[in-house]
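Heads up, the thing below is written out as structure tokens.
Quick note: the coordinates plus some simple rules give every number you see, no bench work behind them. Keep in mind that this is a model prediction, so the values were computed, not measured. Because the Cβ atoms are built from the backbone with ideal geometry, glycine has one as well, and the counts that use them run over all protein chains shown.
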Amino acid sequence: MNSMFAFVILDLLSLKQYRKVFFFMPLLAVLMSWYMKADSIAAILCLLCSMIACTYLFSIQEKNLLDTLYCTLSLKRSNIVIARYLSVFCIEMIAYIVGLLLITILHAFSIGIDSFRGDFIALNVGLFAISFFVSFQIPFFFRLGYQKAALIAYIPFFLPMLLISATLTLPFDIFEFVRGITNGFILYGLPVIAGIGCLGLSCMISCRLYRQKNL
Amino acid sequence: MNHTANTPNILEVNHLSKRLGTFALDDVSFALPQGFIMGFIGENGAGKTTTIKLMLNMLAKDKGEIKIFGQEHLQYEREIKERIGVVMDSPYYVDAWTMLDIEHAVSSFYSKWDHSRYMNLLEHFSLEPKKQLKALSRGMKMKLMVAVALTHDPDLLILDEPTSGLDAVARNELMEILRIFMTDERKGVLFSTHITSDLEKVADYITLIHKGRILETQTKDELLEKYLVVKGGLNLLTTEQRQMLIGYREHSVGFDGLIDCASLRHLPTSIVTEPSNFDEIMIRFNMGGEIDE
Amino acid sequence: MNIIISNSAGAPIYEQIKEQIKNAIFSGELTDGELLPSIRKLAKDLQISVITTMRAYNDLEQEGFIVNVQGKGCYVQPKNPELLREQKLRDVEQHLLNAISDSKLAKISDKELMDMLYLLLNEEDDIEEGE
């Protein structure tokens with residue numbers, strides 16, 4: 001257990017060279033929110049940022065031959081995978097908290113037109129969406145390596161783009177549907193739990209794939 | 001006072017086989033007793049790195065067993081990896097990391113990690129702790145890897161071509177480090193290289209691998225005593241005798257080749273003999289000498 | 001004690017080490033009961049394999065020159081004059097046999113060989129007297 005947490009620290013350390021980028025993201029998020037008069041943009045941007053950070057973990061791993069490093073440490077392969085998912089979850093949580101802080105601050109200054117509730121829903125649904133995308137991508141990264149998997153891994157992004165361009169009202173319809181739900185637990189908790197569920201399932205698949213991989 | 005009779009093996013490989021595309025490791029077996037350095041030599045692509053990767057579980061074996069510190073390497077993977085230090089031909093850390101970052105990243109994995117020892121080693125190698133990995137020269141990178149590998153007081157050092165691309169001075173420095181490491185008789189070193197001159201001074205045992213199979217594994221002295229270079233004039237040898245030579249090479253004014261000492265008596269006494277060295281042995285076996293089973 | 005080995009000299013390295021230690025014992029440079037450098041330290045200093053130094057020490061112990069005390073190291077055995085003389089006689093005999101075999105190869109006659117021996121012995125005496 002100890003070694004898995006040590007691995008999360010290792011992962012976060014490997015993002016060291018991008019820390020300036022991640023530092024300025026919230027500022028950019030605030031600027032865009034202010035410009036577009038929609039606080040939820042800030043939350044979405046933070047979450048997008050976390051997704052990029054997660055993919056960076058894999059590109060850095062491949063570029064710096066970190067697979068070799070992992071194999072010299074006293075960790076089993078499946079523990080490496082689980083620890084990686086823990087890192088991913090950690091990164092998402094950081095983005096979530098920052099996003100939450102941002103929408104709270106922005107609301108305090110009454111910048112956006114939407115209600116806090118709406119933004120919070122956007123944050124939670126966004127978290128689910130990010131978790132879902134990342135859960136789809138990671139097994140490919142583990143199996144094929146970052147370079148080879150990069151193209152396949154970004155396919156799920158094009159689907160929503162297609163959907164949105166095909167039916168412009170779809171995201172709003174979904175949004176309206178979601179806003180209609182009054183049960184707090186379902187509204188706020190379910191997306192988060194579903195996101196974790198996706199990550200868990202993805203983790204099991206990745207363990208299988210990475211265990212058999214020739215490094 | 002035969003020290004090697006009852007010493008346990010720090011590393012044991014038995015009938016290891018692995019197929020990787022067109023290349024195959026076939027029935028590889030050798031053992032390194034505690035307290036000695038083993039040179040693992042062979043031409044590029046012979047299977048040295050594959051064997052080491054199998055030890056580290058970077059590849060899954062098809063057949064055979066690997067024991068490190070007497071323990072099966074998969075079942076006791078975690079205990080074993082705490083006690084081994086690994087040095088490769090290039091660093092496997094994030095190149096933006098400083099030496100202090102590397103410590104933060106890996107120290108928690110080793111119960112015997114000692115910060116002051118790390119600092120002392122860095123100082124000894126003239127490495128600035130705050131410098132980034134990518135700013136280091138090739139020789140300094142090697143020393144850094146060695147520093148990290150030695151800091152947690154490993155019992156077995158595994159080095160895979162650590163000296164390729166280094167000048168003689170840097171290589172000699174590494175040999176000196178290994179000699180100091182080996183003054184403790186409970187340690188062991190597996191040193192894979194194709195620069196055989198590094199081993200001539202420091203190795204105790206030599207394992208020679210060629211096209212995925214072990215040709216020889218014994219003490220360095222025994223190996224060098226076993227093979228001799230032979231030379232003679234054209235037409236000195238019969239066809240039968242020629243076939244006994246390894247890497248037989250004929251030229252306009254004579255021939256040369258390598259022979260197993262045991263077969264020397266079959267050759268004419270007028271033949272000229274010379275001691276061999278590792279390079280010679282490796283080259284001759286690569287020249288397509290048939291291995292008599 | 002100094003030990004200097006040569007990679008290009010004919011004799012195997014462990015033989016050279018043995019010779020030099022024996023000579024040091026004969027000459028008194030190594031005294032009875034003196035502790036020899038450890039096998040590993042010697043290997044490290046001479047930059048040779050530990051197995052080579054082990055072999056040298058093994059042989060020396062077998063021949064009665066040194067003794068290994070478990071956990072402490074190798075010590076010089078008290079000099080046994082008989083043993084030393086016997087050893088040296090064997091060495092001289094071997095050297096003479098080598099000289100004889102070489103002379104035969106070069107077709108040097110027995111008389112020539114004997115003359116050479118006397119000449120050299122006289123030279124040695126002259127040098128000693130000169131000192």
For chain C, what's the relative contact order in percent, using C-alpha pairs closer than 8 Å and at least 6 residues apart?
19
Using only alpha carbons, build the gyration tensor for segment B:1-113 and give me the equivalent ellipsoid semi-axes, biggest first, whole Å.
26, 21, 14
How do the peptides B:99-106, B:8-15 rank, highest first, by the average count of neighbouring beta carbon atoms within 10 Å per residue?
B:99-106, B:8-15
Spatial extent of segment B:224-286: Rg and Dmax, with the Cα atoms as the point set, Å:
10.6, 29
Tilt, helix A:19-36 to longest principal axis of chain A (alpha-carbon atoms), in degrees rounded to tens, equals 20
Rank A:L47, B:I195, C:F65 by how far each Cα sits towards the positive end of the charge dipole of the protein assembly as shown (+1 on Lys, Arg Cβ; -1 on Asp, Glu Cβ) and give me just the farthest.
A:L47
When you look at the Cβ of every residue in B:88-97, what mean number of other chain Cβ atoms sits within 10 Å?
6
With each pseudo-label sitting 7 Å past Cα toward Cβ, what's the B:D153-A:Q212 distance in nm, one decimal?
4.2
Backbone HN-Hα couplings from phi across segment A:127-141 [Karplus 6.51/-1.76/1.60, Hz, Gly and Pro as x]
4, 4, 4, 4, 4, 5, 4, 4, 4, 6, 6, 4, x, 5, 4
Within 10 Å of each Cβ of B:198-204, how many other protein chain Cβ atoms are there on average?
4
Most mobile of B:G212, B:G21, B:G39 per a Gaussian network model of chain B (Cα springs, under 10 Å)?
B:G21
Any idea what Rg and Dmax come out to for segment A:1-137 if you just take the C-alpha atoms, in Å?
16.7, 53
Put a dot 7 Å past each Cα toward the Cβ at A:D67 and B:N14; how far apart are the dots in nm?
3.0
Percent relative contact order of chain B, based on C-alpha pairs within less than 8 angstrom and at least six residues apart?
21
Taking max minus min of the Cα coordinates of segment C:13-76 on each principal axis, largest first, gives extents in Å of 27, 26, 20
So what's the projected area for segment C:9-131, the Cα convex hull averaged over all directions, in nm²?
10.1
Counting DSSP beta bridges with both ends in the protein assembly as shown, the antiparallel % (nearest 5):
70
Taking amide hydrogens as modeled 1.01 Å from N in the peptide plane, which residues meet the under 5 Å criterion relative to B:E161, leaving out close sequence neighbours?
B:S192, B:T193
10 Å Cβ neighbours from other chains, averaged over peptide C:65-71:
1
Top mean-square fluctuation among A:L73, A:L187, A:L31, Gaussian network model of chain A, C-alpha springs under 10 Å?
A:L73
State the volume of the convex hull built on the alpha-carbon positions of chain B, expressed per residue in Å³ and rounded to an integer.
158
Per residue, how big is the convex hull around the C-alpha atoms of the protein assembly as shown? Give it to me in cubic angstrom, could you?
220
Using only Cα atoms, locate the centre of segment C:18-97 and the centre of segment A:1-54, then give the distance between them in Å, rounded to an integer.
70
Calculated from backbone phi, Karplus (6.51, -1.76, 1.60) coupling profile of segment B:227-239 in Hz, x at Gly/Pro
10, 10, 8, 10, 9, x, x, 4, 6, 6, 9, 7, 4
